[in-house]
Each structure stands twice: as C-alpha cells, then as structure tokens.
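In what follows, a single structure is set out as structure tokens and then discussed.
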Amino acid sequence: MRHLLNPLDFSVEETGQLLDLAKDIEDNLPKYSHVCDGKKLATLFYEPSTRTRLSFEAAMLNLGGSVLGFSSADSSSAAKGESVSDTIRVISCYADICAMRHPKEGAPLVAATHSGIPVINAGDGGHQHPTQTLTDLLSIRSLKGRLHDLTIGLCGDLKFGRTVHSLINALVRYENIKFILISPPELRVPEYIREDVLRANNIEFMEMDSLDDAMPDLDILYMTRVQKERFFNEEDYIRLKDCYILDKKKMKLAKEDMYVLHPLPRVNEISVEIDEDPRAAYFKQAQYGVYVRMALIMTLLEVEKSC
C-alpha cells in the first residue's frame, strides 16, 4: 500500500508515468468511466476547500466510484475531540482510499501511519500540497511541452504558500530550471526552502520586489494570493494583501508564449481583464487537476487501465 504525502514521494520517472496517464485520461475520458466501479473515496477536509475537494470528488465519480466524507471539522467527530489516528482507523473500514486536508502540518502523515487504506495529502497547513503540485506539473508540461529549461516566476505569498513550497521541491529535480521569486521582504520563501532545497541543489534563483522587472524573462508566472488565514496579525495582512496585482499593462511586458497559473482561489491579485488573454491558463489548470487526481487514484488503488 502506498500514500502520497509529499510531492517527492513519486520519483521523476513515476511522476512522468502519472502525468502520461493523466494526459491519456484527458484525451480518452469515456474509456475510464468504470475503472473504479465499486470503489469508495473518503474526503476528510478539516478546513474549507472548493476546488480541491470537488475535484477529488469529480475525479472519483468520473472513474465510476463513489464518495463519502465531510467538508469541515465542525461536521465531523473532530468537533467532539476525536483524534486523526482514530478517525482514519474508522474511515479505513468504510472506504478504499482517502484524501485529507488539515490545518496542522503533518496530520496526513499521522493518518497514513495508522491507516488501512492509501492516504492522499490534500494540503496540510503551510506545509505541502502534493496534488496541486501534480496539477501544476501537468499544466506546465501541457502548455510548454516540457518540464526542463524553464524560467518560473513565483509571485505573492511565498512564505506561507504551501503550493509554492511543493512546486519548488518538485521542479528542482528537472534540468535547467531557474526561479524568480517575487514578493515583499515579509513574504519571501522560508530559509529552509532557500538553503535546503534551492542552494542545496545548485538551482539558480533571484529574489525580487518588482513584478514588472521580472515579466520579460518568464516562461511561466505562478501567481498566489496573500492568505488571510495564515496571518496572526490582521494589520500585516491588510498592508500586504494588495502588493501585486497582475493587469493588462503588466502582461504587455511578457513573452507571447508565457502562461499565467494560479492555484486559486483568486481574490484580486489577477485582474479579471486578464481572463480573456490566451496566456491566462488558471481555469484550464483547474481542469487538469481533475485528470491528475483521476490518474493518482488509479495509481494508488493499482487499478488496471482500460484497453
């Protein structure tokens, strides 16, 4: 039995195979409509989510399976004080695979340690978000045709953004990747990412305050929102929440084949006027998330691909 807790749990080769399966699902969706008949996915979401939870549910339903679970801690026995380890032991009796989102870092690891079914980390605090990372990798590969020889701009909340941390960890395994890290000083990437991931792997990177200055060099711009729920001080959030807003003026500085990604939800960091730009790929990215989660469920359940 295998779990997905960290984007590095799959090797580069295994990640490539999973992305290949996701691409085949995109191209041949009907042939996968019964591969998980009789299988059940439990979605254990201890904090709010729209895209991640619904994309997991859509993925399992597309595969012919069914879904059970809860969408907030208040609607589960966690409100009565039940531990994660006890919850997963019980859920293992009801379902074949589980997707868990939790505000505490490491909670999915605790669950996996006590689980009788595969556990997928659907986001744990500011730590990791591996299925978003797989979605991002599929998006980049589909849009640019490769996962190597790219300059990636990461913009916004690089301190608390778990999607950013996971994506950096995944992309450093590919050749000739360069990062431009665009944020105010207060929201720069954590020291462990800078030292233990980027410098330890001899990855070229720059830290910048100006989005305008970075735009001409980028192959991918990955925007993030400033996350109110990660701030202890509301004054800091209000001061920083509008630090970067992508608009038509900034997009004129970019290459014709530069694409904009965003893990969503968007607040106001991308102007709605950008949505009609063919380089705005964040809604397509959300669709890729369904395909990649379908491929992941199949892989962890060791389900045979249809002919």
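Here are a few things to note about the model shown:
- Every residue from the range 279-301 that is of a type in the set (Ser, Thr, Tyr) and within 27 Å of LYS252 (Cβ to Cβ): TYR282, TYR288
- Pairs linking a residue in the range 38-61 that is under 19 Å from THR87 (Cβ atoms) to a residue that is open to solvent by 30 Å² or more (accessible area, probe 1.4 Å) and polar (S, T, N, Q), with Cβ atoms under 6 Å and 6 or more positions apart or on different chains, are LYS40/SER66; PHE45/SER71.
- Restricting the range 69-119 to residues that are of a type in the set (D, E, K, R) and either touching a strand residue (DSSP E or B) at 6+ places or on another chain (Cβ under 7 Å) or surrounded by 18 or more Cβ atoms within 10 Å (Cβ to Cβ) (or both), the residue that is modelled with the highest pLDDT: ASP96
- Top-ranked residue of the range 144-168 - restricted to ones that are open to solvent by 20 Å² or more (accessible area, probe 1.4 Å) and not charged (D, E, K, R), ranked as nearest to the chain's Cα centre (by Cα): PHE160
- Condition check for VAL90 on (1) touching a Ser or Thr at 6+ places or on another chain (Cβ under 9 Å); (2) in contact (Cβ under 8 Å) with a residue 24 or more places away in the chain: one failure, at (2).
- Candidates in the range 45-67 are the residues that are modelled with pLDDT of 95 or more and more than 21 Å from ALA286 (Cβ to Cβ); of these, the one that is least open to solvent (accessible area, probe 1.4 Å) is GLY64.
- The set of residues in the range 267-307 being in a loop (DSSP other than H, G, I, E, B), open to solvent by 60 Å² or more (accessible area, probe 1.4 Å) and either in contact (Cβ under 8 Å) with a residue 24 or more places away in the chain or in contact with a helix residue (DSSP H, G or I) (Cβ under 9 Å, 6 or more places away or on another chain) (or both) consists of VAL267, GLU304, LYS305, CYS307.
- Flag if ILE193 is part of a helix (DSSP H, G or I) and open to solvent by less than 60 Å² (accessible area, probe 1.4 Å): yes
- Residue in the range 169-185 that is open to solvent by 10 Å² or more (accessible area, probe 1.4 Å), over 24 Å from GLY16 (Cα atoms) and outside any loop (DSSP other than H, G, I, E, B) present: yes
- Pairs where the first residue, in the range 18-30, is among the basic types (Lys, Arg) and the second is at pLDDT 95 or above, C-beta under 9 Å, 6+ apart: LYS23/LEU138; LYS23/ARG141; LYS23/SER142; LYS23/TYR291; LYS23/ALA295
- Scanning the range 99-117 for residues that are part of a strand (DSSP E or B) and either β-branched (Val, Ile, Thr) or in contact with a helix residue (DSSP H, G or I) (Cβ under 6 Å, 6 or more places away or on another chain) (or both) yields ALA99, MET100.
- Count - residues of the range 36-51 that are within 17 Å of LYS104 (Cα to Cα) and not aromatic (Phe, Trp, Tyr): 5
- Any hit, the range 10-20, residues being part of a loop (DSSP other than H, G, I, E, B) and either open to solvent by less than 60 Å² (accessible area, probe 1.4 Å) or β-branched (Val, Ile, Thr) (or both): yes
The values are calculated or read from the model by the stated rules, or taken from the named source; none is laboratory data. What you see is a predicted model; the values in this text were computed from it and never measured. Positions of Cβ are generated from backbone atoms using ideal geometry, with glycine treated the same way; all protein chains shown enter the neighbour counts. Heads up: the accessible areas ignore ligands, DNA and RNA and are worked out on the full protein's heavy atoms, side chains in. Shrake-Rupley method; radii C 1.70, N 1.55, O 1.52, S 1.80 Å.
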